[in-house]
Amino acid sequence: MILRASTIASLARITVLEAVRNRLAWLAAIAIVMAFGLAQFLNQVAIAESREIQSAMLAALLRVAAVFIAAAFVVTSMVREWNDKATELLLSLPVPRSTYFFGKFAGYAALALILAPLMALPLVLVSRHGGLVLWTLSLFCELLIVTAVSMFCVLSLTQVVPAFVAVAGFYMLSRSMAAIQIIAGAPLQEPTLADRIGNTIVDLIAYVLPALDRMTQTSWLMEPGPVSLGAVGTVLVQTALYVVLICAASLFDLYRKNF
């Protein structure tokens, strides 16, 4: 058990060092500067509620940038190891495959733990601090889900473009599923059998996907009052549930591969 924990810690440390060598911090800094510049521009041209518009735009841009950086690094890092045969070498060692998986996931989770507060830093100037804490926690949880999905897609597809497109599709669909349900449930005429079947399919997809539209909400940054404990609990429970399920699916896929 001690040897396994040591191996997981070593793999996590190597993953973090790889991110440092790849200048991931510089990429995050560039994204922050660009997002802040665009938000500042909108603040200047807005006629009313300029502070709210600046906060909302800045939060939305930083959220998307964090997800993009995390997904891109996970996908490219694992595919590069796959192509360099480093993955096969690690899996040939006398340790369980789950040790390799959780070592990589721990490293990516550590990066998410760094990336979320880094992306939230510019919002200190334009948001309510209580809501900012919840927003940052939710962004970290969102990055954990994206990381787990990225690892699953890489293990299944083993190529950069298909894996990244699959992650992007999963994320965009999870973010927009509530809007799709509203549109599907409000037909312009009397619903037909095809409409009911379509609505059922949409509801089933929404039931399977995580409700990312309820996470990292911009409204948290502007609403007065204390942080809602219900919102915190919802974020944590949903994150734990989907991370466990996606990691289990990834491990199943990893163990069935022949090297």
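Where only DSSP H runs of four or more residues are counted, the chain gives -27500 deg cm²/dmol as its mean residue ellipticity at 222 nm, each run worth -39500 (n - 2.57).
Span-like helices, the chain: DSSP H, alpha-carbon axial extent 24 Å or more, mean Kyte-Doolittle 1.6 or greater, which ones? Working shown, then result.
On the way: long enough: 2-21 (28 Å, 1.02); 24-45 (32 Å, 1.78); 50-83 (49 Å, 0.99); 97-120 (35 Å, 1.08); 129-157 (41 Å, 1.86); 160-184 (34 Å, 1.66); 229-256 (41 Å, 1.56).
Helices passing the filter in the chain: 24-45, 129-157, 160-184.
Its residues counted as N, the chain yields a C-alpha radius of gyration over 2.2 N^0.38 Å of 1.11.
Bear in mind that the values in this text are calculations on the coordinates, not laboratory data. All of these numbers come straight from a predicted model, not from anything done at the bench.
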